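Written below as structure tokens is the structure these notes are about.
The values are calculated or read from the model by the stated rules, or taken from the named source; none is laboratory data. The shown structure was predicted, so the numbers you read here are calculated from the model rather than taken from an experiment. Counting neighbours? That spans all protein chains shown, and the Cβs are built from the backbone with ideal geometry, glycine included. Note: accessible area is taken over every heavy atom of the protein model, side chains too, but ligands, DNA and RNA are not part of it. Shrake-Rupley method; radii C 1.70, N 1.55, O 1.52, S 1.80 Å.
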Amino acid sequence: MTHARRALQPVADGEMAPGLAIVRQFTPNWFTATMGTGALALTLNQSPLALPGLHPLAVGLWLANILLFSLFSLLYAARWAIFFDEARRIFQHPVMSMFFGAIPMGLATIVNGFLAFGPALIGDAAIVIAHGLWWIDAALSLLCGIAIPYFMFTRQEHSIEKLTAVWLLPIVACEVAAASAGLLAPHLAAPDAFLVLVLGYGLWACSVPLAMSILVLLVLRLVLHKLPERDLGVSAWLALGPIGTGALGLLLLGSDAPAIFAANGLAGIGEVALGLGVIGGILLWGYGAWWLALAVLKTIRYLREGLPFNLGWWGFTFPLAVYALATLALARATRLELFAAIGGGLVVCLAIFWIIVATRTLEGAWTRRLFVAPCLAGPKAPARFEADAV
């Protein structure tokens, strides 16, 4: 294997078989497509719009997302196996390394789908599978949330003027796993449920405070250095991700807390956690509304200037999806029709965005234009080459 790897590296993509060239250029940002697709399936399943065929469509999207995640995992594993020396350059790259966080977040949508759709398809085995996958997802999320910032501190070059919301990707994975813990815990036996619930709060704390501090820096960067270049324009939507997921995590964990804490002799704490979940969810939802409005305004400006398509367009989907899910969770917790109406509107917008982005991604994949690995050109790749992959 080592001999084959060394023999392949000097060969240009044009001299390789097309499949091998795709493997060489495959990067973790492709997993953002699994994040967006899986999140759409989960959001459609909770849509307040009573449309015929919506549930089967959601199930179909979730099953397709499992296949997509499996394919991407095989392609990326093949890159490490065949082009190891090139693949490891990603840890020096200040942008592409951030997308490692997309892997556990894509996996989380599959975990959540086993809880939402699995029991009707395969019975109780779905809970067992979801429980096992959640531990893998939590471990990967922690690894990304610690290792990638460490590489930022020790191996990569960053500056405030180059800061974008892409920095959030490895950080947010932990709170996505925390939200999944909130969905999983009620399906488990008492000891396991308590452990998953407590770890869910721990994962939330590993992510949300740090993500909020990055958002503060992002505001400072926007004030001092204005908007990023057009190729990174969609990154404006990524700021909505940690806010929406943070609110959703508090709401889901808080709704589990009364029964699970009471079963462990801590009934008072459970009631407090429920109240904190609702109040915290509302506060974060309001903060997210500000970032959503800014993202819309910035996107309109970028569209007037011309917004080139790249894989970064999947940033239109997952952040909006988790904010929509948080909105719908608030509708259930507060029984306010306002949240249900807004959530329904967000689901419609999400579906439209997904159709546009998925169509253009399929076109770009067919022509192989989207298979670009900036880390092959080194950590200081030209901005345009770097943005095409983002």
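When you count, for each residue, the other Cβ atoms within 10 Å and take the mean per peptide, how do 197-206, 285-294 rank with the highest first?
Packing proxy ranking, top to bottom: 197-206, 285-294.
Which of Leu49, Leu107, Trp80 sits closest to the plus end of the dipole of the range 40-162, meaning its Cα is farthest towards the positive end, when Lys and Arg get +1 and Asp and Glu get -1 on the C-beta?
Going by the charge dipole, the pick is Trp80.
So what's the convex hull volume per residue for the Cα atoms of the range 242-390, in Å³?
Taking the convex hull of the Cα positions in the range 242-390, it is 157 Å³ per residue.
Per the chain: cysteines with no other Cys C-beta under 4.7 angstrom?
Cys144, Cys349, Cys375
Using a 1.4 Å probe on the protein chains only, how many percent of the accessible area of the range 73-226 belongs to carbon and sulfur?
Using a 1.4 Å probe with all protein chains present, the range 73-226 comes out at 74 percent carbon and sulfur.
I need the peptides 231-239, 135-143, 99-107 ranked by packing, meaning the mean over residues of other C-beta atoms within 10 angstrom, with the highest value on top.
Output ranking for 231-239, 135-143, 99-107: 99-107, 231-239, 135-143.
So, with +1 on the Cβ of K and R and -1 on the Cβ of D and E, and no other charges, what is the size of the charge dipole of the chain about its Cα centre, to the nearest 20 debye?
840
For His225 and Glu363, calculate 0.36 nm times their separation in residues minus their Cα-Cα distance, and state this gained length in nm to one decimal.
46.3 nm
Classify the range 231-278: rounded, prolate or oblate, from the alpha-carbon gyration tensor (a ≥ b ≥ c, eigenvalue square roots; a/c under 1.5 rounded; otherwise prolate if a/b is larger than b/c)?
Prolate, because a/c is 1.5 or more and a/b exceeds b/c.
Can you check what the net charge comes to around Leu227, using other residues whose Cβ is under 15 Å from the Cβ of Leu227 (Lys, Arg +1; Asp, Glu -1)?
+3
Let me cross-check Phe261: its accessible surface, 1.4 Å probe, with only protein heavy atoms counted, in Å² to the nearest 10?
The accessible area comes out at roughly 20 Å².
In degrees, nearest 10, range 0 to 90: what is the angle between the Cα axis of helix 125-154 and the longest Cα principal axis of the chain?
50
Given a cut-off of 18 Å, what percent of all Cα-Cα pairs of the range 259-323 lie beyond it?
Beyond 18 Å sits 59 percent of the P(r) for the range 259-323.
Of Leu292, Ile279, Phe371, whose Cα points farthest to the positive end of the dipole of the chain (charges on the beta-carbon: +1 Lys, Arg; -1 Asp, Glu; origin at the Cα centre)?
The listed residue farthest towards the positive side: Phe371.
Order 172-180, 275-283 from most to least packed using the mean count of other Cβ atoms within 10 Å.
Descending packing order for the listed peptides: 172-180, 275-283.
Treating the angle as unsigned and between 0 and 90°, give the value, to the nearest 10°, between the Cα long axis of helix 169-184 and the longest Cα principal axis of the chain.
Between helix and principal axis, roughly 30 degrees.
Which value, in Å² and to the nearest 10, is the accessible area of Val128 when all protein chains are kept and the probe is 1.4 Å?
Surface open to solvent at Val128 totals about 110 Å².
Hey, any idea what Rg/Rh is for the range 5-153, computing Rh the Kirkwood way over Cα pairs?
The Rg/Rh ratio comes out at 1.05.
Using only Cα atoms and rounding to the nearest 10 degrees, what angle (0 to 90) does helix 54-82 make with the longest principal axis of the chain?
So the helix axis and the longest Cα principal axis differ by about 40 degrees.
Can you compute the charge dipole magnitude of the range 166-304 about its Cα centre, using +1 on each Lys and Arg Cβ and -1 on each Asp and Glu Cβ, nothing else charged? Give it in debye, rounded to the nearest 20.
That gives the range 166-304 a dipole magnitude of about 760 debye.
Here are a few candidate values for Cα Rg over 2.2 N^0.38 Å: [x] 0.97; [y] 1.90; [z] 1.13. Which one was actually calculated from the structure I just gave you?
[x]
How much accessible area per residue does the chain have, counting only protein heavy atoms and a probe of 1.4 Å, in square angstrom?
Spelled out: the 1.4 Å probe surface of the chain, per residue, equals 42 Å².
Can you give the Rg/Rh ratio of the range 118-197, where Rg is from the C-alpha atoms and Rh is the Kirkwood radius?
Here Rg/Rh amounts to 1.15.
Could you compute how fast the range 175-285 diffuses translationally, taking Rh as the Kirkwood radius over C-alpha pairs and applying Stokes-Einstein at 37 °C with viscosity 0.692 mPa s? Give it in µm² per second.
Estimated via Stokes-Einstein, D reaches 219 µm²/s.
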